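Okay, structure first, notes after.
The values are calculated or read from the model by the stated rules, or taken from the named source; none is laboratory data. Quick caveat: nothing in here was measured; it's all calculated off a predicted structure. Cβ placement follows ideal geometry from the backbone for every residue including glycine, while neighbour counts extend to all protein chains displayed. For accessibility, only protein heavy atoms count, side chains too; no ligands or nucleic acids. Shrake-Rupley method; radii C 1.70, N 1.55, O 1.52, S 1.80 Å.
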Amino acid sequence: MRTSPLPFVRRVEQALADPVLRRNMAVGTSRQRTHRLEAMAALPGADALRNHASRIRAHTLARLDEYLEQFVAAVRARGGTVHWAATAAEAASIVTTIAVGERARLVVKSKSMVTEEIGLNAALEAAGVTAIETDLGEFVIQLAGQHPSHIVAPIMHMSKEQVGALFVERLGATPEEVVDVAAMTAFARRVLRERFLEAAVGVSGVNFGVASTGTLCLVTNEGNGRLCTSLPRVHVAVMGIERLVPTLDDLGVMLDVLARSATGQALTVYTNLVTGPRREDDADGPEALHVVLVDNGRSRVLGSELAEILYCIRCGACLGACPVYDTVGGHAYGSVYPGPVGAVATPALDGLGPWTELPHASSLCGACRDACPVRLDIPRLLLLLRRQTVEAGGSPVWLRLALRAHAALAVRPRLYRLAVRLAGRVLAVGARDGYIERLPGPLAAWTASRSFRLPARRTFLDEVARERRKVSP
Amino acid sequence: MMLAMSPTARPRRVQLFVTCLVDAFYPETAHATRRVLERLGLEVAIPPGQTCCGQPALNAGHHDEARRVAAHFVDTFAPDPAPVVAPSGSCVDMVVHQFPALLTNDPARAAAARDLAARTYELSQFIVDVLGDDEAAVPVEPSLTYHACCHGLRGLGLDRQPRALVGQAGGANVRPLDEDDRCCGFGGLFAVKMGPISSAMLDRKLEAIERSGADVVVVTDASCRLHMEGGLRRRASRTRVAHIADVLDDRV
Ligand code: SF4
């Protein structure tokens, strides 16, 4: 799950000090926001559709066991093979074993977050199998030795100049081949086409699995997904166990909101429905289809207070909407899943232990909740995780003491007023025309960039109390 | 006007929850809130036992402390049946959306909290939606722009109401603000715990405010005001921050 060995503060520092990243994030996210809002505004009954999509997710998760059984039976009935993976390592080893068994030296992959989650590329490399990312953004990320910084736009943080330089340096592209985005895309396509023909195994994620038919739905904009799932001899589809919808009708509802929320498109350029491997009368398609169902913490989350996070359909709308994400970018989160959704999903799936900062990486402004097509209440879940951190003793001592004292005073109004007066007097010592420019301890973080206003000499409630005394001595 | 109430339903009396930040940092805004309500013909009760809504503790994940403060709030305001009005969208959001869940293990108080949640309003929301008066503002001198504070906007749907009042007060002198619904980076503890991110968010907000060219940016929350004002002062800006109550009281 972890994408960087650096501690959170260092990652944030790095991001904030990177002007190219800052600019690209600001431009990329604001474009994503505008496109989403326009697409949603043009969709009749958008709010009702989002409610419907949310209910479908709630319903599916409430009966996930039944739908999983249905789905597995349907996949098998169509000739597919189903594998269950309890952990990330197990999932990676299942896929690796299939690739090795097929004597594949090369595996082509279409964009998938769950394969990032299970660390598939590293596992394949370790077994001597080369994995090639075929989504253009993922291809660039792999070449740069990085992780995606956005769940639908993996290289949002990079400039086209950076990508061009990478193509020149790593792939020997000529200056003409990287002169603009179109040229770079054509160049990458030439490089990738050859690999598609060489690969014995294609690996994909799954956007939705349809329980009633065993259909796998994959959406892409580049057509690479379709090549990965149809050209190689074997197709391995990796999916989180929560990615089901009951029926094809339900799938329709999800597709109505997914692309609009992700990129502002009414529908992605390619919507692939894969039902079983190639049949006798099919013109093409793989000889074998494997579906790897990944749990990796999901069934535990399903039974917990955080279950709602499994509603997520990975559209990335909450990333584009978030003023923290658009300021620091995805890598600062240090997790495969960045942004508001990642700040919940990461500690939910992986345990809060190594991830206590993430639930605090939010001002709780609520923009993510407003953007989410399935109405996930991310701020509520962030607050829950903060509570769990406190309950596990993870709150700093100064804060614990301060809040305990605050609560003890807040229920004793007279003492509270006295304390406010005293605090004002103490602060006034260090003030100049009503403001303090340097606070001590943890509060120094405030005065690093902001003056701190001094409390008033007399508070309103003290004033009101004086009036009362005057009126009735 | 669709929410205008019949004369008998129009409240004659309100309880003012001044909020801890307005009380301590902006007492003049508290006086303004009171005067505005009185000018609108209301009797304003100020329960003397009031302190805070408990938001700092809740946002930090300290639910036990938040619950204690919430219980005190309920005990202070619930006995009087008059509506509660506060010059803060975020404290009202706390009462309306967090109290009932926070107090579930205390059934008597939870019931009182639900009752309070149904009659607690932010100032501009109360004026426009409950009193049905979207002409309560008087024209003011300086040019204005409006920043939509997050919890009011996304928690309470507070938007049309303050904008109507600001529009009326500023007239032709209201300037548009780029990304006016974008968080200023305050977020309570966030401003300290995530200081560098919070500062970067504030910079983007303040640049937009300065670009608007307005003399005054109007907000509905003292917390955002403390934050933006602290930043504007640090950059020696001429732009001021005012609370909507100050605008309604013609003191900007
Ligand atoms: S939480 Fe909602 S908005 Fe964010 S990625 Fe998931 S579905 Fe999209």
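Which one of A:Gly276, A:Gly240 is touching a helix residue (DSSP H, G or I) at 6+ places or on another chain (Cβ under 9 Å), within 16 Å of the ligand (Cβ to nearest atom) and among the small types (Gly, Ala, Ser)?
When all the criteria are applied, what remains is A:Gly240.
Would you mind telling me which numbered condition in (1) within 14 Å of the ligand (Cβ to nearest atom); (2) part of a loop (DSSP other than H, G, I, E, B) A:Pro323 fails?
A:Pro323 satisfies all of (1) within 14 Å of the ligand (Cβ to nearest atom); (2) part of a loop (DSSP other than H, G, I, E, B) except (1).
So, in the stretch A:337-354, how many residues would count as being crowded, with 24+ Cβ neighbours inside 10 Å, away from chain B (no Cβ under 14 Å) and more than 13 Å from the ligand (Cβ to nearest atom)?
Qualifying residue count, the stretch A:337-354: 1.
Tally time: how many residues in the stretch B:101-126 are open to solvent by less than 30 Å² (accessible area, probe 1.4 Å), in a helix (DSSP H, G or I) and within 19 Å of B:Arg154 (Cα to Cα)?
5
Got at least one residue in the stretch B:211-219 being surrounded by 19 or more Cβ atoms within 10 Å (Cβ to Cβ) and closer than 19 Å to B:Ala86 by Cβ?
Checking the stretch B:211-219: at least one residue is surrounded by 19 or more Cβ atoms within 10 Å (Cβ to Cβ) and closer than 19 Å to B:Ala86 by Cβ.
On the given criteria, is A:Leu384 closer than 18 Å to B:Gly61 by Cβ, touching a residue at least 60 places away in the same chain (Cβ under 8 Å) and within 16 Å of the ligand (Cβ to nearest atom)?
Spelling it out, A:Leu384 is indeed closer than 18 Å to B:Gly61 by Cβ, touching a residue at least 60 places away in the same chain (Cβ under 8 Å) and within 16 Å of the ligand (Cβ to nearest atom).
Inside the stretch B:160-182, can you point out the residues that are open to solvent by less than 50 Å² (accessible area, probe 1.4 Å) and of a type in the set (D, E, K, R)?
B:Asp180, B:Arg182, listed by residue number.
Please count how many residues of the stretch B:27-55 are closer than 18 Å to B:Leu165 by Cβ, in contact with a strand residue (DSSP E or B) (Cβ under 7 Å, 6 or more places away or on another chain) and not acidic (Asp, Glu).
Here the count works out to 5.
Name the residue, out of B:Ser198, B:Ser237, B:Ser223, that is open to solvent by less than 10 Å² (accessible area, probe 1.4 Å) and polar (S, T, N, Q).
Sole residue among the options that is open to solvent by less than 10 Å² (accessible area, probe 1.4 Å) and polar (S, T, N, Q): B:Ser198.
Restricting attention to the stretch A:144-179, which residues are open to solvent by less than 20 Å² (accessible area, probe 1.4 Å) and assigned to a helix (DSSP H, G or I)?
Within the stretch A:144-179, A:Val163, A:Gly164, A:Phe167 qualify.
Being open to solvent by less than 30 Å² (accessible area, probe 1.4 Å), part of a helix (DSSP H, G or I) and facing another protein chain (nearest Cβ under 8 Å) is the requirement here; does A:Arg386 meet it?
So A:Arg386 fits the description; yes.
Exactly one condition in (1) open to solvent by less than 10 Å² (accessible area, probe 1.4 Å); (2) among the small types (Gly, Ala, Ser); (3) farther than 25 Å from B:Asp129 by Cα; (4) within 7 Å of chain A (Cβ to nearest Cβ) is false for B:Ala66; which is it?
So the condition that B:Ala66 fails would be (4).
Out of (1) at pLDDT 95 or above; (2) within 9 Å of another protein chain (Cβ to nearest Cβ); (3) over 30 Å from B:Leu206 (Cβ atoms); (4) open to solvent by 30 Å² or more (accessible area, probe 1.4 Å), what's the single condition that is false for A:Tyr416?
So the condition that A:Tyr416 fails would be (4).
For the subset of the stretch B:177-222 comprising residues that are of a type in the set (D, E, K, R) and within 7 Å of another protein chain (Cβ to nearest Cβ), which member is nearest to B:His31 (Cα to Cα)?
Among those residues, the one meeting the criterion is B:Arg182.
Which of the residues belonging to the stretch A:404-461 are in contact (Cβ under 8 Å) with a residue 12 or more places away in the chain, among the small types (Gly, Ala, Ser) and in contact with a Gly (Cβ under 6 Å, 6 or more places away or on another chain)?
The answer is A:Ser451, and nothing else.
Taking the stretch A:289-305, which residues are open to solvent by 10 Å² or more (accessible area, probe 1.4 Å) and either within 14 Å of chain B (Cβ to nearest Cβ) or within 14 Å of the ligand (Cβ to nearest atom) (or both)?
A:Glu305
Somewhere in the stretch B:166-182, is a residue without any contact (Cβ under 8 Å) to a residue 12 or more places away in the chain and within 21 Å of A:Ser451 (Cα to Cα)?
No, the conditions are met nowhere in the stretch B:166-182.
Only one of these is modelled with pLDDT of 95 or more, within 14 Å of the ligand (Cβ to nearest atom) and crowded, with 21+ Cβ neighbours inside 10 Å: A:Ala332, A:Ala317. Name it.
Only one candidate qualifies: A:Ala317.
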